[in-house]
Every structure is written in structure tokens, then in C-alpha cells.
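A.B. asks: The structure's right below; bear with me while I get my questions together.
The values are calculated or read from the model by the stated rules, or taken from the named source; none is laboratory data. Not measured: the values here are computed from a predicted model. Because the Cβ atoms are built from the backbone with ideal geometry, glycine has one as well, and the counts that use them run over all protein chains shown. Heavy atoms of the whole protein, side chains included, go into the accessibility calculation; ligands, DNA and RNA do not. Shrake-Rupley method; radii C 1.70, N 1.55, O 1.52, S 1.80 Å.
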Amino acid sequence: MELNAHILFEHLNQRYTVTMYGEAGTKLLLAEPELYIDNTLRFLSNHLYLATAEHLPQRPVIEKNVVVVCIGEHSRLSYYKEHATVLLIKKKVDFFQVYKSLQEIYGRFHLWESRLLSLFLKSPTIQDILECSCPVLERPILVINSSFQYVASVLTRQKRWKNDRWNLPHAKLEPEAFLTFLKQKELRMDAHGSFQMELDEGNVLCVNLFDSSDEYVGCLYIEEAGRPFVPGEEMLAEYLARMIEKAAELSPSLLANERGSLKKILQNLMNEMPLGPSQKLLLKASRYSQSWLCLSIHCLKQFSTLPVGYLCSVMESLFPDSTFFEQNTTILGLIPAGHLSKTAPLSGDVTKKLSSLVEEMQLCVGISNDFPDLFLIRTYYFQAEAAIENGQLYAPGRNLYIFSDYALQEMVVNSFGGFPVEAYFPVGFRTLLEHDQNSEVSYLETLSVFLEENMSYAKAARRLFIHRSTLIERMGRISQELPFDLEDPDKRLQLQIILKALHIESAIHDR
């Protein structure tokens, strides 16, 4: 394995007092060291040389990215410091002992590479790969999958993961930790190559993991652990990530999401695709006969880059045995009602748990009625969507909407079969509308209140703040325009639906 001047300096400085001069590249291009031979007047690009200061020529030709490990000081070194990278050991030390130290540094990385490749002669786990890598990288290492579940982790002798931050493998990040992190920085699940995240506890070097289809499957985290990252370590991290990806390609279950199969079944149901026999069995094993709530979660535009997999994982940690996954441009959530409060309304219990999380993440959530069969998930997902649509019309500014609060509005709007409400006006109804346009007294309001109070003159008069005789006279005029008996329940229902539809239209227009 090739290294660079920074990594060599980091390891060599543990054995000798070393000072680095000149600009050093970050790419891993340097092969094992060469002993400088006297009278050599050309230093080749991407080569590492070991020499003593008095044997170096005065002004040789120095190509790009040359590194010289030099023992002892000399005036001619100023030329090398300008044209090459010099790792200077000022004290007189044994030349061949330094050469042996350099070989040991390279041998350590060669052994790591060899052991990693040897693991692939069998079926390595990700834990095997991390344990092989930790003695070389000397930092805590963690791997998570796409649902932000811990898959494997290793520690250094000096460092133990904090229980409140990195939990044991197969655990999940707590929602509170996620909210804290969101205030600092966005996750970068689409980034290829290494990148650093700055956390309160220190920097973390990250490399996202992708499958052969370039789908995000997890992330490799390497913690700084009090020792700043050395330029070039990001390439070692990328190499380690490639080994993990190869292992996952050989055994996809290594990074598998434990709910992946159920989510695939639910996605098939949402897309109206048939289920196979094994999928039907798994659905039965998931207790599909109990009651469920369906949630639709929308991210506000300015927060559209929130990591969906992480968000789903956080939601699943709030509700035991729940399942959340991406559905088109939204997130679909499925919560078993059996884990919710037995005394409070189901949807109310959900909103209580979600309120702080939803507000912090700037989400909008619709909650369906509870339903008994997962085969009905598509219907109740549209209920949750309708809750958001109606809620934003009638109660804008909120972020949690429950379908039962808007069920009547949805029913009325969908009852017209595509016709405008005017198409259902009975004879004489337009006359009432024309009257209201030219009078301070509203016949439609009078009729609506009268019907809502089950045609009780006393109750309707109190609500309208008028005398009972005035109401009787007004209803007599209204009845003259409508050619049917209000005692007919079907006619009353027709009028109430029309009046409700007009009220909805008026409310929408006023907003």
C-alpha cells in the first residue's frame, strides 16, 4: 500500500523527533523508501528517499512530489525544503535503524491490506473488517445501515464510545440526538468520497456506502478521538469503505434493514402490485389483523434535503413495531395501535409523541383513522394525505392534521361526483341565494341553523338571536320557495349537504 508524507510523518514522529518542511501532497503515491545513492542527481517523482544531509548533492533535479527523509542538518537543505518535502531528523541517529522504522511503517499497512484481502477468502462480516482495521487506523470506527441502525463498531484502547451518543450495534440513534445534530449540520447521504462532520465532541470522518446500483446503504464513521486527522487518512477511510461495500455485495444481509422485507410488501400494496405467497406469509407474521394508523409526512420545501432514511429510523424509534418508508415525495408511516394509549384517542396519542419532533424538523403530518387490515393501507394513506390537504385549507399554520377532524368536509366535497354544487340546487334554492345577496337577513343561514337544530323553532331562534315568531314567519317564506316538505328526511339531507358545501366554498374563498 502506498502512503504520503503526512502519514509517514505521523508515524515516524512517534519514534524520532521529526520536523516536516515544504509542501506535501495528500494523495497516497509513495512506495517503500529507497536508500539515496551517492552522485545521483535526479530525484524521481512520487519517490521516497532516505539520506544523510552530508551525502545530498548540492542542486539536483527534483521532480514533483518527492519526499526526502533526512538525518542531520546542512546548509544545502534549504534547496530541498523549497523543491521537495523534507522530513528532517535533526539529531544524529542510526541510518539503518531509521530505514528499518520506515519499512515497519510500510509493513504495517501492507499487513493490513493483506489481511483484509485474506478475509475475502471466506465470508467476512463487517465486524471482522473493522477489527482488522482498528490497529492500523487507531481510532474508533462505526458502521451504520440505511436505517441508521448500528451494524458494527470497534474501539481503541484509549477510547470508549459514549453510551448517550454511539450505542451498541443494532441500536438506533435517539430522536433527541438527531434533533441536536440537525441544529448543527445537515447529513450528506448523497455524497461520494470522504467528508468530515464537525460535532461538539470532535470531528468525525465519514464515507457513505453504496451498492452496485449506487443506492445509499449505510455509512462508515471514524472518530477523531482527540487526535486530529492526518491529510491522506480520508483515502484510507475510502479504501476501508470499499472493502465494506465488497463484503456487503457478497452478503447483502450485512447491511440489510430489518424491516426491509415488510416495507417492500407495503410498497407493493401501495403500488397495487400483487404479492407472492412468501410475502403474504410475512404479512400474516406481521400481525396484519390488528389495528393500525397510517401517517403521511411532508417535508417543507426549505428542509427537503433531510435524510429520509434517518428520519424514518427516528420515527420508528418513537413507536415500537412501526414502519416508515419513502412513498413518492412523502414518507408513509404505519403505527400499530396496540402500542398506543388505551384511554386517550389513538391519533391524539400519536400527535403528543410527534409534536416536538415535527416542529423541530419542520414537517407536516397527516394521520388517518385506525384500520384493521394492512391490505387497506392504500386507502388510509390517502386519508392521511386528505387530512393534510383539508387541514392546510381550514387550519393553515399547523403541522399535525387528523383525518377525523375533516372527514365531513372530505365526504361532502367528494359527494358531488365531479359536478359543481349548483347542479344539485333544488327548485327555488336560487331564489334564496338571490334574496341573501340583496338583504341583511340570510335565508340560507336561517335554514341551515333550523336544520342543524332538528327543526326546533325554540333552539334555532336562540342561536339566531331572534324571536320564535320571527323565525316561524321567516321559515314560512323559505318554505314557499322550496317545493317540498322539510319533514322528508331525504330532502333535508340533500339541503344540508348543499348548505355544507357552500359553507366550505365560502371558507376556502375567505382564506
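A.B. asks: So which aspartates and glutamates can K491 reach, going by Cα to Cα under 18 Å and dropping same-chain residues fewer than 8 places off?
C.D. replies: The qualifying aspartates and glutamates are E422, E445, E452, E453, E481.
A.B. asks: Relative contact order, percent, of region 1-129 when contacts are C-alpha pairs under 8 Å separated by at least 6 residues? Mind dumping the intermediate values first?
C.D. replies: Values: 210 pairs, mean separation 33.4, N = 129.
Reported relative contact order: 26 percent.
A.B. asks: Amide H to amide H, which residues 5 or more places from V217 or on other chains are under 5 Å from it, using H placed in the peptide plane?
C.D. replies: Amide H neighbours of V217: L209, F210, D211.
A.B. asks: How compact is region 395-458 by the rule of thumb for globular proteins, expressed as Cα Rg over 2.2 N^0.38 Å? Before the final figure, lay out the partial values.
C.D. replies: Numbers: Rg = 15.8 Å, N = 64, 2.2 N^0.38 = 10.7 Å.
Its radius of gyration relative to the 2.2 N^0.38 Å reference: 1.48.
A.B. asks: Further question: Read phi for every residue in region 367-379 and hand back ³J(HN,Hα) as whole Hz from Karplus 6.51 cos²θ - 1.76 cosθ + 1.60, θ = phi - 60°, with x for Gly and Pro.
C.D. replies: Each residue of region 367-379 in turn: 10, 7, 5, 6, 9, x, 9, 5, 5, 9, 4, 4, 4 Hz.
A.B. asks: Next question, about the same structure. Among 20-32, 481-493, how do they line up by average Cβ neighbours within 10 Å per residue, starting with the highest? Walk me through the numbers on the way to the answer.
C.D. replies: Working: 20-32: 16.3, 481-493: 12.2.
Top of the packing list down: 20-32, 481-493.
A.B. asks: So, for the chain, what is the accessible surface per residue at a probe of 1.4 Å, expressed in square angstrom?
C.D. replies: Details: 26190 Å² over 511 residues.
Accessible area per residue: 51 Å².
A.B. asks: Sort 66-79, 388-401 by packing, meaning the average of other beta carbons within 10 Å per residue, with the highest value first.
C.D. replies: Working: 66-79: 18.5, 388-401: 17.0.
For the peptides 66-79, 388-401, the packing ranking is 66-79, 388-401.
A.B. asks: When Rg is the radius of gyration of the Cα atoms in the chain and Rh is its Kirkwood radius, what does Rg/Rh come to? Before the final figure, lay out the partial values.
C.D. replies: Values: Rg = 35.9 Å, Rh = 29.0 Å.
Computed over Cα atoms, the ratio is 1.24.
A.B. asks: Roughly how many nanometres apart are two label points built 7 Å out from the Cα toward the Cβ at R242 and D38?
C.D. replies: My value for the distance between the label points is 4.3 nm.
A.B. asks: Give me the aspartates and glutamates in straight-line cross-link reach of K64: C-alpha distance below 14 Å, same-chain residues under 8 apart excluded.
C.D. replies: In chain and number order, the partners are E23, E82.
A.B. asks: Expressed as a rounded percentage, what relative contact order does region 54-144 have, with Cα pairs under 8 Å and six or more residues apart? Before the final figure, lay out the partial values.
C.D. replies: Working: 56 pairs, mean separation 17.9, N = 91.
So the answer I get is 20 percent.
A.B. asks: Can you say what percent of the DSSP beta bridges in the chain, counting only those with both residues inside, are antiparallel? Round to 5.
C.D. replies: Details: 45 of 62 bridges.
The answer is about 75 percent antiparallel.
A.B. asks: Given labels modelled 7 Å from the Cα in the Cβ direction, how far is it in nm from E453 to L111?
C.D. replies: Placing both labels 7 Å beyond Cα along the Cβ direction yields 9.3 nm.
A.B. asks: A follow-up question, please. Please give the helix 489-510 orientation as an angle from the longest Cα principal axis of the chain, in degrees from 0 to 90, rounded to the nearest 10.
C.D. replies: 50
A.B. asks: Once you have the Cα-Cα distance between R463 and F375, take 0.36 nm times their residue separation minus that, and quote the gain in nm to one decimal.
C.D. replies: Details: separation 88, 0.36 × 88 = 31.68 nm, distance 4.57 nm.
Working it through step by step, the gained length comes to 27.1 nm.
A.B. asks: Tabulate in residue order the Karplus-calculated ³J(HN,Hα) for region 42-54, using 6.51 cos²θ - 1.76 cosθ + 1.60 with θ = phi - 60°, rounded to whole Hz; enter x for Gly and Pro.
C.D. replies: Values per residue, Gly and Pro as x: 9, 9, 7, 4, 6, 10, 10, 10, 10, 8, 9, 4, 6 Hz.
A.B. asks: Per 0.36 nm of contour for each residue apart, how much would the distance between S45 and N414 grow if the chain were fully extended, relative to their Cα-Cα spacing? Can you show the working numbers first?
C.D. replies: On the way: separation 369, 0.36 × 369 = 132.84 nm, distance 7.52 nm.
Separation in residues times 0.36 nm, less the Cα-Cα distance, equals 125.3 nm.
A.B. asks: Moving to a separate point now. In debye, nearest 20: dipole of the chain around its Cα centre with unit charges on the Cβ of K, R (+) and D, E (-)? Working shown, then result.
C.D. replies: Numbers: 50 positive and 63 negative charges, 265 e Å.
Magnitude of the dipole: close to 1280 debye.
A.B. asks: I'm a student and want to see the number: the projected area of the Cα convex hull of region 429-511, averaged over all directions, in nm². Write down the numbers at each step before the final one.
C.D. replies: Values: hull surface 22.2 nm².
Reported value for the Cα convex hull: 5.6 nm².
A.B. asks: Related question: How much length is gained if the chain between F195 and L493 is pulled fully straight, taking 0.36 nm per residue apart and subtracting their Cα-Cα distance, in nm to one decimal? Walk me through the numbers on the way to the answer.
C.D. replies: Numbers: separation 298, 0.36 × 298 = 107.28 nm, distance 6.42 nm.
Here the segment from F195 to L493 would lengthen by 100.9 nm.
A.B. asks: For the chain, what's the relative contact order in percent, using C-alpha pairs closer than 8 Å and at least 6 residues apart?
C.D. replies: Details: 776 pairs, mean separation 45.6, N = 511.
This gives 9 percent for the chain.
A.B. asks: Roughly what would the spin-label model give for R227 and L318, points 7 Å off Cα along C-beta, in nm?
C.D. replies: 4.1
A.B. asks: Cross-link partners among aspartates and glutamates for K264, C-alpha distance below 13 Å, same-chain residues fewer than 8 apart left out?
C.D. replies: Cross-link targets: E272, E326.
A.B. asks: Tell me, what HN-Hα J-couplings in whole Hz come from the Karplus equation 6.51 cos²θ - 1.76 cosθ + 1.60 at θ = phi - 60° for each residue of region 57-72, using x for Gly and Pro?
C.D. replies: Once rounded to whole Hz, the list reads x, 5, 9, x, 7, 10, 7, 6, 6, 9, 10, 10, 8, 10, 9, x.
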